[in-house]
1. Any idea how many residues of segment 129-150 are in contact with a strand residue (DSSP E or B) (Cβ under 8 Å, 6 or more places away or on another chain) and more than 18 Å from residue 65 (Cβ to Cβ)?
2. Looking for whichever is modelled with pLDDT under 95 and in contact with a strand residue (DSSP E or B) (Cβ under 7 Å, 6 or more places away or on another chain) here; the options are 65, 84. Which one fits?
3. Please list, ordered by residue number, the helices (runs of 4 or more DSSP H) wholly in segment 193-303 having 3 or more residues that are touching a helix residue (DSSP H, G or I) at 6+ places or on another chain (Cβ under 9 Å) and modelled with pLDDT of 95 or more.
4. Look at segment 121-149 and say how many of its residues are closer than 15 Å to residue 56 by Cβ and outside any strand (DSSP E or B).
5. For residues in segment 44-62 being surrounded by 10 or more Cβ atoms within 10 Å (Cβ to Cβ) and under 14 Å from residue 153 (Cβ atoms), which is modelled with the lowest pLDDT?
6. Restricting attention to segment 249-285, which residues are exposed (fewer than 14 other Cβ atoms within 10 Å of the Cβ) and either closer than 30 Å to residue 165 by Cα or in the same structural domain as residue 166 (by TED's automatic domain parsing) (or both)?
7. Assigned to a helix (DSSP H, G or I) and either at pLDDT 85 or above or surrounded by 21 or more Cβ atoms within 10 Å (Cβ to Cβ) (or both) - does that describe any residue in segment 150-164?
8. Tell me which of these residue 93 doesn't satisfy, since it passes every other one: (1) buried (at least 19 other Cβ atoms within 10 Å of the Cβ); (2) without any contact (Cβ under 8 Å) to a residue 60 or more places away in the chain.
C-alpha cells in the first residue's frame, strides 16, 4: 500500500532533501573521475624520437616522460674504471643483441662513475635500440605496470634506479625483489634493471644485526633479519664494485677533462697543484671532483683571458 505520509518540502523523488541529493550526485561523479584517472593506462611515448625517459606519477596517474636533453657522456670519458666498464659493457652488449644478460648492481665509493657508466652505455647503444627509463625509489611499486607497457616493444630497455637504498618495510623493496626474481609471470625479455648504490646490500646495517647471530656447534647461522637485508642485492646477477681513486688516477681524470674543455697545454702544466688542493678541500679524489675542478679551472682561465 503506497505511503500517505506527506513529502518533505524540497525533497527529491526518492525522498532525499534536494540539496543533499544534488551533493551525493556530484560526489558520485567526482569519485568516477578519480577512479578513471587512477586506472587510466599510461600513455606510450615515441620511442623512436627519444632514448631516455622518466617514469612519473602525479594526480593524473603514471606516465613515461621523455627526457629532451639526455646526458651524452661517452664511454671514453670514463677514466680509471676500465675493468668495471668492460664488464658492464659486455653485459649490455649481450642484452642489446638479444642474448641472455643479467640485472646489474653497481656499488662503491661516491663520485667514481657508477651513474655515468649507465648513461654512457645508453649513448653507445641507443642506435641499436637501447632505451633508458629512470625510476625513482618510491615508484618501484609500479614496475609491473611499466613492464606491461613496454613488454611487446622491439626496443631493449634498461630500468635505471640511481643512488638506491631502502629503509625497513619500504614497499619499493618488496616490489624490486619481485621484479628481479619474477613472480608467477616470467620477467620481460626486453627489460633489465641497473641500479647504483653506495650500500652493497641496499639497506642500512647495524651492530645489532651481528649480535643476533647465534652459534650452534661449529656452524654459524645468521639471523633471519640479516638474511632479509642481503637477499635483495643477491637477486642482481652481476655485482660491480667501484673504489676510490688514488692520486695519479685522479690527476689523469683531471687531465682528460681539461683536454675535453680545451684548456691549452701550457695551462694544463700549471694545474696539478690546484687540482690536488681542490680534492683536499673536498675531502675526495673522485671522478666527480675531477670533473668539477676541470670546469672551474677552464672557466676561470677563459674569464682571465677576456679581462
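1. Quick first cut of segment 129-150, residues in contact with a strand residue (DSSP E or B) (Cβ under 8 Å, 6 or more places away or on another chain) only: 129-137, 139-140, 142-143, 145-147, 149-150.
Adding the requirement that they be more than 18 Å from residue 65 (Cβ to Cβ) leaves 129-130.
The number of residues fulfilling the criteria is 2.
2. Working: 84 fails: modelled with pLDDT under 95.
Among 65, 84, only 65 is modelled with pLDDT under 95 and in contact with a strand residue (DSSP E or B) (Cβ under 7 Å, 6 or more places away or on another chain).
3. On the way: elements: 207-211, 224-234, 247-260, 265-268, 272-282.
The helices (runs of 4 or more DSSP H) meeting that bar are 247-260, 272-282.
4. Going through segment 121-149, the residues closer than 15 Å to residue 56 by Cβ turn out to be 132-143, 145-146, 149.
Adding the requirement that they be outside any strand (DSSP E or B) leaves 136-143, 145-146, 149.
Residues meeting the conditions: 11.
5. Only one residue tops the list, namely 44.
6. Within segment 249-285, 280, 281, 283 qualify.
7. To start, the set of residues in segment 150-164 that are assigned to a helix (DSSP H, G or I) comprises 150.
Cutting the leftovers down to either at pLDDT 85 or above or surrounded by 21 or more Cβ atoms within 10 Å (Cβ to Cβ) (or both) gives us 150.
Scanning segment 150-164 turns up at least one residue that is assigned to a helix (DSSP H, G or I) and either at pLDDT 85 or above or surrounded by 21 or more Cβ atoms within 10 Å (Cβ to Cβ) (or both).
8. Of (1) buried (at least 19 other Cβ atoms within 10 Å of the Cβ); (2) without any contact (Cβ under 8 Å) to a residue 60 or more places away in the chain, only one is false for residue 93: (1).
The values are calculated or read from the model by the stated rules, or taken from the named source; none is laboratory data. All values derive from a computational prediction rather than experimental measurement. Virtual Cβ from ideal backbone geometry, glycine too; neighbours counted across all protein chains shown.
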